[in-house]
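The structure appears right after this line, and notes come after that.
The values are calculated or read from the model by the stated rules, or taken from the named source; none is laboratory data. On a predicted model such as this, the values are computed, not experimentally measured, just so you know. Here the Cβ positions follow ideal geometry from the backbone for every residue, glycine too, while neighbour counts run over all protein chains shown.
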Amino acid sequence: MQKRVIECVPNFSEGRDHAIIRQITDVIESVEGVTLLDVDSGKATNRTVVTFVGEPEPVIEAAFRAIVKASHLIDMSKHKGEHPRMGATDVCPLVPVSGISMEETAAYARQLAKRVGTETNIPVYLYGYAQDKKDRDSLSVIRSGEYEGFFEKIKRPEWKPDFGKAEMNVTAGATVIGARDFLIAYNVNLNSKSTRIANRIAFDVREAGRVVRKGNPYSGQIVMDENGEPLRVPGVCKEVKAIGWYIEEYGVAQISANLTNYKVTPVHVFFDEVCKSAESRGVRVTGSELVGLIPLEAMLEASRYFLKKQDRSEGVSDKELIHIAVKSLGLDELGSFDPHKKIIEYRLEAEVNKLMNLSCIEFADEAASESVAPGGGTVAAFCGALGASLGTMVANLSANKKGWEARIAEFSETAVKGQNLKNKLLFLADEDTRSFNAILSAFRLPKETEEDKKIRSLAIETASEYAAKVPLEVMTVANNAYVLLEKMIKTGNPNSITDAGVGCLCINTAIEGACMNVMVNAKGLKDRTIADQLTTEARRIRAESRKYCEKLTEQVEKAIQ
C-alpha cells in the first residue's frame, strides 16, 4: 500500500530573529514521523516559509504545535514587513504529495483549523479546497485589510471566522488554514528599485490583471461594471498571483508571484512574460529566486524550453538540465542554488538512489565487498543503464553533427527517450538491492508462535515475489532500449556506430542477468501460478533479446568491415 504523505508549508511573520525561527522549527522536528525540508527566511518581508512532510497525523500535530509556538513568540502589534500578513502564523496550507486525495487533505486541514480555533485564542479562516464558501476561499480576499484592518473586519457577520471567536488576537492576529495544490513561490528581480514599475509589470502578467481607469491609466477614476465591481483587464498568465515590491536587503525591486498551478503557467513561461513586460517599460530582468521548494519536472521543463529555443538537444542528463534552468532563470543571482535543497523530489528521496550516487570506483568496491548486496541483479540493471546511455550519447552527437541541423528535433526526441530509460534502470538498480534486503528482513522476523510463523511466512512470500518482479521490470525496460539503439545504428552519426553496438551488448547482458534473478527468486514462491507466469515472461524477453542483439551487432560489424 502506498504511504500517505502530505506537505505543510506554514508562513510565519518573522524573518529576522533566527532564534525565534529556530524555536518554531524545533517544535516541528520534535514530532516523530515529520521531516523538515526547508526553512526560507526573508529580512525585508520579515517572513519565514517552512516546508515539512510526513503522514497526515504527525504533520497536523507538528503544524498545531508550530502555530501555538509562533503565537507565543511573535507580537503582530510590532510587526513590519513588505509581505501582506494577518497573523503570527499567517497561512498554513496542506498539500497532498502521495497516496492521499485532495478531499482527504482538505479534511485534515479542517481538523487542524478546528483544533486551533478551539484550543487557542486565534481566530481561524479556511481557504482553498478546505473552504466550502466560494466567496471566501481565496487567500488574498480573506487577508485583505491585513492585520491592522482585521480588528474591524472580523466583527462583520460575513467575516466571522470559521473557527474561534470573532475577536482579533492582538499579538497572534488571525490564521488561515487550508488545502491547495502545489504552489511555486517565485520572485523575479529587476535592475530597478522602483516599486511602481514592479507593480505595473505584475499587473501585466498576473491573472487578475489591472483595474480599468478613466483618463490616466495609473491614477484615473476606476471604471465599474454593471454589478458595481471594478472593471479589469486580465493579465497574460493564468493561475498566477503577483505584486511588485522593493527588497532593501538586495537593493532591487521584484515581481513576487505565486504560481498556483505551474502546469497551466510554468515557471519559464512566467519568467519570459515578465521579461517582455520589463523590456517594454525600459527595465531588465537580472535573475530570479525561489521561496521554498519546486517540483523536479518544473525545472526540467524549463531547461528543455530554453534548449529548444537554442536549437540544442533536450536529451541531456537531469543534472545538466537543472544547471541550464538555473542559469537561464538566474536562480543563483541572489545566492547559491542547491538542487538537493530546493527540489522537492531530491529532498524526499535523498536515500532512494544510494548506490547509484556512488562513484564508479566506490560502486565497484561495494560490489566486490563481502556484502551480499549489491549483487548480480543490481549490476545487471546498471549494465542496462549503460546501454541506454550509449544510445543516448549517439543521439546527442547526431543532433550536434554539422550539416544535420534539420534533424535536431528528431535526435533530441530520441535522446530524451534514452535519458528516461537510463533513469528508470538506475532506479531499478538500487531497487534490486532494496528488494533483496526486504527478503533478509522477512527471514529475520520472529517465529516463536504460530501467529509469528504465519506473519513471517507471508512476509517472505511477498518480499520474494517483489524481488522477482524487479528484475523482470529491468528486462522490460532494457528491452525497450533496443528500438533506440537500432535507430542510432541505422540513422545516427556513423562515426559512433560502435558505441551503439556496445550499447546492444550491455542491454543483452542486463537482460540475461536479470532473467537469472527472476528465476532464482521465483523458485522459492509457494504460489506456483505466479512463479510460472514470471519465469515464462522472463524467458520470452530473454529469447527476444538474444535475437535482437545478434541482429544489431551483425549490422554494426558489417558497417565497420
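Structure notes:
- Candidates in segment 341-363 are the residues that are assigned to a helix (DSSP H, G or I) and under 17 Å from GLU7 (Cβ atoms); of these, the one that is modelled with the lowest pLDDT is LEU348.
- Exactly one residue among ARG312, ARG284 is modelled with pLDDT of 95 or more and surrounded by fewer than 19 Cβ atoms within 10 Å (Cβ to Cβ), and that residue is ARG284.
- Failed item in (1) within 22 Å of GLY145 (Cβ to Cβ); (2) modelled with pLDDT of 95 or more; (3) out of contact with any Phe, Trp or Tyr (no Cβ under 8 Å at 6 or more places or on another chain), with ASP204 passing the rest: (1)
- Of all residues in segment 23-37, those that are more than 9 Å from ALA62 (Cα to Cα) have Cβ atoms under 9 Å from Cβ atoms of residues that are of a type in the set (Asp, Glu) and buried (at least 17 other Cβ atoms within 10 Å of the Cβ), 6 or more apart or on another chain, in ILE24/GLU14; GLY33/GLU61; LEU37/GLU7.
- Filtering VAL474, VAL518, VAL556, VAL470 for residues that are among the aliphatic types (A, V, I, L, M), in a helix (DSSP H, G or I) and over 28 Å from ARG434 (Cβ atoms) leaves a single hit, VAL556.
- Tally, over segment 1-59, of residues that are within 23 Å of SER98 (Cβ to Cβ) and hydroxyl-bearing (Ser, Thr, Tyr): 2
- Here SER41 meets the list (1) in contact with a strand residue (DSSP E or B) (Cβ under 6 Å, 6 or more places away or on another chain); (2) hydroxyl-bearing (Ser, Thr, Tyr); (3) under 28 Å from ILE247 (Cα atoms); (4) in contact (Cβ under 8 Å) with a residue 40 or more places away in the chain almost entirely, failing just condition (4).
- Test: residue in segment 317-330 that is surrounded by fewer than 15 Cβ atoms within 10 Å (Cβ to Cβ), touching a residue at least 60 places away in the same chain (Cβ under 8 Å) and within 30 Å of GLY292 (Cα to Cα): yes
- Residues of segment 383-395 classified as within 15 Å of GLU486 (Cα to Cα) and either surrounded by fewer than 24 Cβ atoms within 10 Å (Cβ to Cβ) or among the hydroxyl-bearing types (Ser, Thr, Tyr) (or both), total: 3
- Test for THR491: is it farther than 25 Å from ALA538 by Cβ and not acidic (Asp, Glu): yes
- If the condition is being assigned to a helix (DSSP H, G or I) and hydroxyl-bearing (Ser, Thr, Tyr), then segment 98-151 contributes THR105, TYR108, THR118, SER140, TYR147.
- The lone exception for GLY81 - which of (1) in contact (Cβ under 8 Å) with a residue 24 or more places away in the chain; (2) under 33 Å from the mean Cα position of the chain (by Cα); (3) outside any loop (DSSP other than H, G, I, E, B) it fails: (3)
- Candidates PHE411, PHE427: the one that is closer than 30 Å to ASN495 by Cβ and either assigned to a helix (DSSP H, G or I) or in the same structural domain as ILE361 (by TED's automatic domain parsing) (or both) is PHE411.
- Screening PHE363 on (1) buried (at least 21 other Cβ atoms within 10 Å of the Cβ); (2) of a type outside the set (D, E, K, R); (3) over 27 Å from the mean Cα position of the chain (by Cα) shows it passes everything except condition (1).
- Test: ARG196 is of a type in the set (Lys, Arg), on the phi < 0 side of the Ramachandran plot, buried (at least 19 other Cβ atoms within 10 Å of the Cβ) and not assigned by TED's automatic domain parsing to the domain that holds THR118: no
- Test result for ARG444, within 28 Å of the chain's Cα centre (by Cα), free of Cβ contacts under 8 Å to residues at least 12 places away in the same chain and farther than 30 Å from ARG312 by Cβ: no
- On inspection, LEU296 passes the criterion of being surrounded by fewer than 20 Cβ atoms within 10 Å (Cβ to Cβ), in contact with a Phe, Trp or Tyr (Cβ under 9 Å, 6 or more places away or on another chain) and of a type in the set (A, V, I, L, M, F, W, C).
- PHE436 under 30 Å from ILE294 (Cα atoms), surrounded by 15 or more Cβ atoms within 10 Å (Cβ to Cβ), in the same structural domain as VAL518 (by TED's automatic domain parsing) and touching a residue at least 12 places away in the same chain (Cβ under 8 Å): no
- Filter result for the condition that a residue is outside the structural domain of LYS80 (by TED's automatic domain parsing), among the basic types (Lys, Arg) and farther than 25 Å from GLU104 by Cβ, over ARG143, ARG213, ARG156: ARG213
- Every residue from segment 1-24 that is out of contact with any helix residue (DSSP H, G or I) (no Cβ under 7 Å at 6 or more places or on another chain), farther than 24 Å from TRP245 by Cα, at pLDDT 90 or above and surrounded by fewer than 18 Cβ atoms within 10 Å (Cβ to Cβ): ALA19, ARG22
- Matching residues in segment 120-157 - criterion: being farther than 17 Å from ALA208 by Cβ, touching a residue at least 24 places away in the same chain (Cβ under 8 Å) and charged (D, E, K, R): GLU146
- Subset of segment 259-296 [of a type in the set (Asp, Glu) and touching an Asp or Glu at 6+ places or on another chain (Cβ under 8 Å)]: GLU273, GLU289
- Subset of segment 212-242 (residues that are part of a strand (DSSP E or B), over 22 Å from GLU82 (Cβ atoms) and of a type in the set (A, V, I, L, M)): ILE222, MET224, VAL233
- Within segment 94-118, residues that are under 12 Å from ARG4 (Cα atoms) have Cβ atoms under 6 Å from residues that are among the polar types (S, T, N, Q) and assigned to a helix (DSSP H, G or I) in these pairs: PRO96/THR105, counting only partners at least 6 apart in sequence or on another chain.
- From the options VAL53, VAL97, VAL49, VAL91, residue that is under 30 Å from TYR250 (Cβ atoms), surrounded by fewer than 23 Cβ atoms within 10 Å (Cβ to Cβ), under 24 Å from the mean Cα position of the chain (by Cα) and not small (Gly, Ala, Ser): VAL49
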